[in-house]
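Reviewing the structure listed below.
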Amino acid sequence: MSYFLPHLTNGWQVDMAILSEEERVVVMRFGTDWDDQCMVMDETLSKVAEKVKNFAVIYVVDITKVPDFNHMYELYDPCTVMFFFRNKHILIDLGTGNNNKIDWPIEDNQELIDLIETVYVGAKKGRGLVISPKDYSTKYKY
């Protein structure tokens with residue numbers, strides 16, 4: 001599903017995407033197109049892209065072709081989603097301890113729309129850290 005989403009193929013394009021967007025949240029999916037987790041996340045992202053186009057723009061970055069940000073953003077997971085607004089990385093408290101990024105696939109479209117909308121509303125108010133509408137701390141409990 002990643003072929004429905006715009007790909008950024010070098011570090012300059014990633015920087016320009018983050019720098020040039022003034023009114024919308026930039027959602028970046030870092031990972032590889034062939035990874036199972038990324039395929040699930042890309043499918044969800046492509047389904048919500050049209051619905052969130054007024055307040056968010058979604059890009060895909062292959063970390064094997066664009067390794068420039070791997071160390072800076074600690075991109076060690078197979079699939080990572082990060083949010084930026086007006087050239088600022090927006091942190092999101094998901095209850096997992098890692099506020100920098102989402103490092104698991106989200107399959108529910110409405111859940112992802114709610115997350116992006118929460119980031120947008122918080123970022124417009126000038127907040128650098130927003131609270132997720134859902135607590136993911138119990139996601140992997142049995």
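Every number here is computed from the coordinates shown, using simple stated rules; none is lab data. Owing to the predicted nature of the structure, the values given are computational and were not obtained by experimental measurement. As a convention, Cβ positions derive from the backbone with ideal geometry for all residues, glycine included, and neighbour counts pool all protein chains shown.
For the reader, a short list of remarks on this structure follows.
- Separation between Cα centres of the stretch 69-142 and the stretch 9-28, rounded to whole Å: 17
- Note on Thr9 and Glu117: the model spin-label points, each 7 Å out from Cα along the C-beta direction, lie 3.6 nm apart.
- When each of the peptides 43-54, 114-125 is scored by how many other beta carbons lie within 10 Å of its residues on average, the order from highest to lowest is 114-125, 43-54.
- For the chain, the antiparallel share of DSSP beta bridges with both residues in that region comes to about 45%.
- For the chain: relative contact order, % (alpha-carbon pairs under 8 angstrom, 6 or more apart): 28
- Just so you know, the Rg over Rh for the stretch 1-51 is 0.97, from Cα atoms, with Rh as the Kirkwood radius.
- Length released on extending from Ser137 to Glu74, taking residue separation times 0.36 nm less the Cα-Cα span: 20.6 nm
- For the chain, the residue among Leu5, Thr64, Val121 whose Cα projects farthest onto the positive side of the dipole built from Cβ charges is Val121.
- Ascending count of other beta-carbon atoms within 10 Å, so fewest first, for Phe83, Phe69: Phe69, Phe83
- Based on the Stokes-Einstein relation at 10 °C and a viscosity of 1.306 mPa s, and on the Kirkwood radius from alpha carbon pairs, the chain is assigned a translational diffusion coefficient of 106 µm²/s.
- For the stretch 2-131, the Cβ-based charge dipole about the Cα centre amounts to some 620 debye (Lys, Arg positive; Asp, Glu negative; other atoms uncharged).
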